[in-house]
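Inspection log for the structure reproduced underneath, given as structure tokens.
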């Protein structure tokens, strides 16, 4: 990848600001690579929120109590809100939302692979909140200290809501874990399906993560993928134990010396297959988003046409 | 309605044959009015079979046991078969099936109003078999002695199958009547909804039935609407009693002198509203049929195109 | 009619539960992200109102059924919502026209009920009124936007209006249940409701350049459990998990 | 794996139950009346086969579950059908291509199983083989007709094939269940099955002027309960009445 030549003085000043822990704001000078990396990360994040509405949206119509139905709708709505909020953040980097949406729909942009797994049972609504939001929070808590101000501030707000979602998810799991045998089995099956994909959410191992070094230096990232993954496992295993659940990893064990829960080898071939588009739901997710976009075309056209008519009427009235 | 002038000698011979109880066959001379009346009746009957697939088809995907699912699919399939069979019968009168289907889809042709009532519970699958097929059989047993041979023969075959459907429907009702309180309530509610519409299936009262006199003379019909309706009520009320059901008619009572179950006044305003197109499901039924027809357009075009290609290939091979 | 108040509350609650559920079916599929949020908001409000009303209905009924028992363990023919709200979402025009026709009715109804003689219901009405006013603003803005937008949006919106109009008369019908609760202090002036609704709807339709359909062949039956076939399919989905685990807590 | 034979029979039964159910969704909506009849016929056969097989599965399992308990009271993740058969009907091309891909497999499988060492299964296989041969003839005729019909039908059929192809590999996968039942005399030569299927499919695709898609990104998971999201919605509908009345007879 060709790195654009930057003014060495500006670059040095920029890196000094970063090193001093300062926040970079939209109007500040920044290297093109920094802008690109941030755009990539933020748009992936926004896309993930949008696509992430689908696996949970899949159970809104089947939520088993009114209270759960309300909180699931509210959660999916929050995700739409996060998407909107981060798309606005990318606009501070000079990238238009519509351009990003196009990139998502034509398959150029990526989003978190976790959303290419299907939701097959109500328990998934608990487990996604607990494990998937849990993993996201571990990632995002660190991003909330990222060097780019608008992103960091968005993360602070989003993390707050996701912490709420995670607690809600864990509460769903708690009720199921204390429920009927069928509910317990449903919960365990869901954990069996989501455990490894959740670990994969932190991305490739550090040895295979091409962007990591630069992102760390520029404080776009603050921890390596493996560090974050370990932090997540350490947080989560005791919660699973508290619920009486079995983690589907025969190699999982506690290392007294390090205080880490050490886990087995991740199936990276699965990870790369899903990233390549061959996950269980990649095609369905994209088809659903494209259908929503295409079916909405006439609505957006109507809104534009109406706004223009209104403007013309105001102009005529003013003339 | 202008009656076409017919050759008096031919007409007299025709009426003599009818009076002698002979069967009229496709190649025989017949008055234009006779042909028209038969076409109207037979096509209405065929359309009723086709539209009649929908209310029962609505519960195929929800049938509560595999056995019931199989027999419901088989029943709806029989209705498709009846439709096809009677459409073929109308072709002996010189009317093409595609023309009749067009008439149905553009709203010119009528079909039995009973199918404009919605099916709202599984019990409706029993009650439709029992009451609706039951009423149809009372009508059709008489039509099986109609003067037009192809129609009479179609009726013989169709009646046989509908008797089977009726028995099956009554058996569903029997199981529900002996089932849980919820099942019994479901059955009673279904009877409450279908009783009056079933009585309306015999058409307007004799005093308001414009076509009846001529149809009776020509032995297209053999009994008046009111005679058939009374026969149906007399057959059905004891069956309802046997099931422990209440007929939703406070005026219903047994007349010891005549041996008839006398019933209350039919709400003819409802009947005419449904005939006019304002029944609960008229629009849905037609939309469903039109959607099936339109969505199938490309399939029929493909079948035609393929057949033509095959013919061309054979011709080339033969040349 | 064993308990007219319980029956009346079920009608109020079921209208909102069913419409809220329909709106929630859009979640993730709206034409713009802002509408994913707005439709979800309305769904949340409506299901929230339904929850309070059905809880009250269950208490009034006194047979130990709470709001979840009423929502998840009644068959379709026991639902008491008007036919309008159970009609399928169709395209965005159908959803927004359905919403507008209902919102106009609901705002006017809550306005009356917020002064009614049943304290619990009056409180729910006052709270719901506030939220439904926002819904009405949102849905009428969209009806105007779509009606007075492009040729296509105009045609779709007029078609939606023509299709749904026959379900509006039912909202203003009175029966013995209404009379019985009126005697209990829950008196709705149906004629006034209808005439205010007419005015409100006519105004928006005019701004939307839409034609008010004629009053032919009204559909009714929802208030006594005679629904369209759509409701049963909606409930089959909605109740599937709850019914698969009878007696479970969630 | 508690009971590999019961597990194996559930796979066989669920394939046919789910596909038969999908076909039955067409009833009343087919492009021509003759196809309403034909699709119903295939649905009847398949659900009939499923009934026999699931009854046998329940007996083999020995936990008191009959065919209805297996069909109506298992959750989605307990179903063992291949992903292919649960895919939604889509247009007529999707339905017929799905049917053809399955029929070709099913005929070849029954042919082998009709000689297997389990008497009950061999009898079901022999009977089913006879009927599935008619299905295969019907579905392959349609694939040829649609593929070699109009430009539109060709495009739709190729698209259906491209969409569904990734679900075919799963039909030929072996796991510990297959090995365990092989040891019990129910030995399927999967390699031979696959190679005969390839030949059969290639022949029909060629006559249909369709292009066989490349083998990329196969989808699997149905045999262990890892389904697509479609199955759950299908079952919510299918099981709704049975689940609403637990313990009832029908």
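Tabulated data
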{"read-out": "10 Å Cβ neighbours from other chains, averaged over peptide D:142-154", "value": "5"}
{"read-out": "On Cα atoms only, tilt of D:190-207 relative to the major axis of chain D in degrees", "value": "30 degrees"}
{"read-out": "Position residue B:88, label points 7 Å along Cα→Cβ, spacing to each other copy in nm (shortest first, one decimal)", "value": "6.9"}
{"read-out": "Global geometry of region A:163-245, whether rounded, prolate or oblate, following the gyration tensor of its Cα atoms and the 1.5 cut on a/c", "value": "prolate"}
{"read-out": "Most mobile listed residue (A:61, A:258, A:39) in chain A, GNM with C-alpha springs under 10 Å", "value": "A:258"}
{"read-out": "Spatial separation of Cα centroids for region D:174-250 and region B:253-319, in angstrom", "value": "35 Å"}
{"read-out": "Rg to Rh quotient for region D:1-116, alpha carbon positions, Kirkwood Rh", "value": "0.99"}
{"read-out": "FRET efficiency, residue A:12 to residue D:215 (Cβ-Cβ, R0 56 Å, nearest 0.05)", "value": "0.60"}
{"read-out": "Averaged over B:81-91, number of beta-carbon atoms from partner chains that fall within 10 Å", "value": "1"}
{"read-out": "Label-point gap, in nm, between residue B:44 and residue D:248 - each point 7 angstrom along Cα→Cβ", "value": "3.6 nm"}
{"read-out": "On Cα atoms only, tilt of C:33-61 relative to the major axis of chain C in degrees", "value": "30 degrees"}
{"read-out": "Gyration tensor (alpha-carbon) shape descriptor, region B:1-111, a/c threshold 1.5", "value": "prolate"}
{"read-out": "For C:118, D:227, order by how many other beta-carbon atoms lie within 10 Å, fewest first", "value": "C:118, D:227"}
{"read-out": "Top of B:135, B:13, B:109 by mean-square fluctuation, Gaussian network on chain B, Cα under 10 Å", "value": "B:13"}
{"read-out": "In Å, descending, principal axis extents of the Cα set of region D:134-233", "value": "49, 31, 26"}
{"read-out": "Computed over region D:4-244, the ratio Rg/Rh where both radii use C-alpha atoms and Rh is Kirkwood", "value": "0.95"}
{"read-out": "Chain D: most fluctuating residue of D:50, D:183, D:104 per GNM, C-alpha cutoff 10 Å", "value": "D:183"}
{"read-out": "Percentage of interatomic Cα-Cα distances in region A:1-51 larger than 13 Å", "value": "65 percent"}
{"read-out": "Where rotation carries D onto C, the chain D residue whose Cβ is nearest that axis, in whole Å", "value": "D:243, 2"}
{"read-out": "Radius ratio Rg over Rh of the protein assembly as shown, counting only Cα atoms, Kirkwood formula for Rh", "value": "0.99"}
{"read-out": "Crossing angle, helix C:229-238 versus chain C [Cα axis fit, 0-90 degrees, rounded to tens]", "value": "60 degrees"}
{"read-out": "Centre separation in Å (Cα based) which lies between region B:141-185 and region C:33-47", "value": "49 Å"}
{"read-out": "Distance in nm between pseudo-label sites at residue A:161 and residue A:96 (7 Å out along the Cβ direction from Cα)", "value": "2.5 nm"}
{"read-out": "Shielding score for C:75-83, defined as the mean number of other chain Cβ atoms within 10 Å", "value": "3"}
{"read-out": "Relative contact order (%) - chain C, alpha-carbon pairs under 8 angstrom, separation at least six", "value": "25 percent"}
{"read-out": "Percent RCO, i.e. relative contact order, over chain A, from Cα pairs under 8 Å lying at least 6 residues apart", "value": "18 percent"}
{"read-out": "Ellipsoid semi-axes in whole angstrom, largest first, where each is sqrt(5λ) of the Cα gyration tensor of region A:8-279", "value": "33, 22, 16"}
{"read-out": "CD proxy at 222 nm, helix term only [per DSSP H run n ≥ 4: -39500 (n - 2.57); per residue of chain B; nearest 500]", "value": "-20500 deg cm²/dmol"}
{"read-out": "Rounded FRET efficiency, nearest 0.05, which uses the C-beta distance separating residue A:67 from residue C:78 and R0 of 22 Å", "value": "0.55"}
{"read-out": "Calculated FRET efficiency for the pair residue B:256/residue B:36, C-beta based, R₀ 35 Å, to 0.05", "value": "0.20"}
{"read-out": "Alpha-carbon centroids, region C:91-141 and region B:1-77: separation in whole Å", "value": "51 Å"}
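Since every read-out is calculated from the coordinates, none of them should be taken as a lab result. Note that the structure is a prediction, hence the values are computed from the model and not measured. So basically every Cβ, Gly included, is an ideal-geometry build from the backbone, and we count neighbours across all protein chains shown.
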